[in-house]
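Below: one structure, written as structure tokens.
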Amino acid sequence: MAHNGFYSVSAVAIMAICLSSPVYPQDASSGASSSGGARAGAQAPSNNAGPPAYQLKLQYTGEVWDNASGGIKTGTNSQQNFDASLKVDTQKAFGWQGGRFFIEGFYNNGIPLNDTYIGAAQDPSVLDTGQRNLVRLYQAYFDQRIGNTDVLFGIFDLESQFGITRPMDTFFNGAFAWTTTLDASGQQGLNGPSTYPNTSLGLRIRQRIDDHWSIQAAVLNGMADNVASPQSTDVLINRNNGALLIGEVDYTPIPHTKIFTGYWAYTGRFDTQNDFNPDGSVRQVFGSSGGYVGAATRLYTIEGARGLDGFVNIGFADSRVNEVTHSVNFGLNFTGPFNGRPRDRLAFGVGIAGSGDPYQQAQIALGNDVAQFETAFEVTYRAEINEWLTVQPNIQYIIHPGFDPTVKDDLLFGLHVEVRHIFNF
């Protein structure tokens, strides 16, 4: 019956896509959407008068997944997310030029998809929190622009600020979040980097040099929330947690093209993968680091925002402490594949995560088989039915989930739905 329900929902969604009317045009510039962790979240229609003094966005996001074969076990899964965010433009609200307050929170429920069914190193769902129920203050920050300098302070999602390109936003698999090595870093008791669903207190400074070049850097608390208390939003600053430092240089030579490179480092304490003290205990070290380089560009233009974009992102990380030490993702994103639907997106991507030699040696010492790579293929079609409804079918195929060659390759079908309303006042 669960499978029948999944296919019924899919059929209704496909009918809605076919019968819907054209939608409003899209701003195709590079950017990121972080609402509820949904990288493909829709943006509000442009307003020539600029942003309102107050903007409240309410969004429901639901996903239904059918793990057809492979992974940990087959079965059907659903995820629900209720997200609310408030933007305050300080100039229009208080006469304070260049400032913006932003606060966002969500409630998420559903049986964890990856931990229950897939077991992949790269999480296949944009909503999956790894918890059955989670209430979270997701972001709360103040952003101030002074000339060419932009300063942001508060609790924020790094994924909305660093290593981002517009074509990658369409995908759901964690391979396309930004760079897998950074996304998987800091998971030894620190909840990974500051990104959905766990975010940290930090300071980010961005400097625009000219029309083509910009640089940015951030320092954040090394622990994102409290591992021991998943339901709470905490800022725990100490020597063992340390800090996360990250810097990036961006170059936009022409419209629709972006090239970037970044470097990140933790200062906290980590267990090594396969290094031991004389007494047999696992050796610990302070610090873990890595970097990334990526690019996105327009390959073919039909008209305006409609056209074919390509992207690639390469990452590396310290093999002493990190399970994922190198990664690459690349793909194509076709905006407006049909004349009557200029805002829809059809996308295909490949994400490859590589395990490090120390991790492989540790697994072999435990008697476990281990694969060098996990590879995720994803194809998806994002149909924005109107201003408040988006439907997105999704298919993924994952080879060696969790670097385990004894686990059958995974075939996953998904349906993602967003219902939103934006209040401007």
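Counting only residues that are out of contact with any strand residue (DSSP E or B) (no Cβ under 7 Å at 6 or more places or on another chain) and not β-branched (Val, Ile, Thr), which one in the range 253-267 is nearest to Thr325 (Cα to Cα)? Step by step, filter the range 253-267, then rank; the result is Pro253.
Residues checked against (1) more than 26 Å from Gly287 (Cβ to Cβ); (2) under 11 Å from the mean Cα position of the chain (by Cα):
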position	(1), (2)
Leu158	no, yes
Ile164	no, yes
Gly174	no, yes
Leu203	no, no
Arg208	yes, no
Val219	no, no
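Out of all the residues in the range 214-228, which are out of contact with any Ser or Thr (no Cβ under 8 Å at 6 or more places or on another chain), modelled with pLDDT of 90 or more and either of a type outside the set (Gly, Ala, Ser) or assigned to a loop (DSSP other than H, G, I, E, B) (or both)? Within the range 214-228, Ile215, Gln216, Val219 meet the criteria. The set of residues in the range 63-79 that are in a strand (DSSP E or B) and touching a Leu at 6+ places or on another chain (Cβ under 8 Å) comprises Glu63, Val64, Trp65, Asp66, Asn67, Ala68, Ser69, Asn77, Gln79. The set of residues from the range 351-394 being within 29 Å of Phe316 (Cβ to Cβ) and aliphatic (A, V, I, L, M) comprises Ile352, Ala353, Ala362, Ile364, Ala365, Leu366, Val370, Ala371, Ala376, Val379. Taken over the range 69-110, the criterion of being in contact with a Ser or Thr (Cβ under 9 Å, 6 or more places away or on another chain), under 20 Å from Phe172 (Cα atoms), surrounded by fewer than 17 Cβ atoms within 10 Å (Cβ to Cβ) and among the small types (Gly, Ala, Ser) is satisfied by Gly75 alone.
Could you check the range 294-324 and list, in sequence order, the residues that are in a strand (DSSP E or B), of a type in the set (A, V, I, L, M) and either within 14 Å of Phe260 (Cα to Cα) or touching a Phe, Trp or Tyr at 6+ places or on another chain (Cβ under 9 Å) (or both)?
Scanning the range 294-324 gives Ala295, Ala296, Leu308, Val312, Ile314, Ala317, Val324.
For the range 331-353, the set of residues classified as out of contact with any helix residue (DSSP H, G or I) (no Cβ under 9 Å at 6 or more places or on another chain), buried (at least 18 other Cβ atoms within 10 Å of the Cβ) and in a strand (DSSP E or B) consists of Phe334 only.
Sub-9 Å Cβ pairs linking a first residue in the range 260-288 that is farther than 30 Å from Asp250 by Cβ and free of Cβ contacts under 8 Å to residues at least 24 places away in the same chain to a second residue that is surrounded by 22 or more Cβ atoms within 10 Å (Cβ to Cβ) and hydroxyl-bearing (Ser, Thr, Tyr), at least 6 apart or interchain, number zero.
Every condition in (1) closer than 23 Å to Thr116 by Cα; (2) of a type outside the set (Ser, Thr, Tyr); (3) surrounded by fewer than 20 Cβ atoms within 10 Å (Cβ to Cβ) holds for Trp388 except the one numbered (1).
Quick check on Asn313: is it under 29 Å from Ile398 (Cα atoms), surrounded by 23 or more Cβ atoms within 10 Å (Cβ to Cβ) and of a type outside the set (Lys, Arg)? Can you show your working first?
Values: under 29 Å from Ile398 (Cα atoms): yes; surrounded by 23 or more Cβ atoms within 10 Å (Cβ to Cβ): yes; of a type outside the set (Lys, Arg): yes.
Yes.
How many residues are over 22 Å from the mean Cα position of the chain (by Cα) and either crowded, with 18+ Cβ neighbours inside 10 Å or assigned to a strand (DSSP E or B) (or both) when one looks only at the range 406-420? First the steps, then the outcome.
Residues of the range 406-420 over 22 Å from the mean Cα position of the chain (by Cα): 406-409.
With either crowded, with 18+ Cβ neighbours inside 10 Å or assigned to a strand (DSSP E or B) (or both) added as a condition, the list becomes 407.
Matching residues across the range 406-420 total 1.
Taking the range 264-280 on its own, how many of its residues are of a type in the set (Gly, Ala, Ser) and modelled with pLDDT under 90? Outline the logic, then answer.
Our first condition is that a residue be of a type in the set (Gly, Ala, Ser); within the range 264-280, this holds for 265, 268, 280.
Okay, now just the ones that are also modelled with pLDDT under 90, so 268, 280.
Here the count works out to 2.
Among the residues of the range 80-121, how many are among the charged types (D, E, K, R) and at positive phi? Give the derivation first.
Here is the first cut: in the range 80-121, the residues among the charged types (D, E, K, R) are 83, 87, 89, 92, 100, 104, 115.
Narrowing the set further to residues that are at positive phi leaves none.
Number satisfying all stated conditions: 0.
A count restricted to the range 338-368 and to residues that are over 16 Å from Val324 (Cα atoms) and either under 21 Å from the mean Cα position of the chain (by Cα) or in contact (Cβ under 8 Å) with a residue 24 or more places away in the chain (or both) stands at 13.
When the range 369-385 is limited to residues that are under 23 Å from His326 (Cα atoms) and in contact (Cβ under 8 Å) with a residue 60 or more places away in the chain, the one that is surrounded by the most Cβ atoms within 10 Å (Cβ to Cβ) turns out to be Ala376. From Leu299, Leu366, grab the single residue that is within 24 Å of Ala177 (Cβ to Cβ), of a type in the set (A, V, I, L, M) and surrounded by fewer than 22 Cβ atoms within 10 Å (Cβ to Cβ). One residue alone meets the criteria, Leu299.
The values are calculated or read from the model by the stated rules, or taken from the named source; none is laboratory data. All figures in this text were calculated on a predicted structure; none of them were measured in a lab. Reconstructed Cβ throughout: ideal geometry from the backbone, glycine too, with neighbour counts over all protein chains shown.
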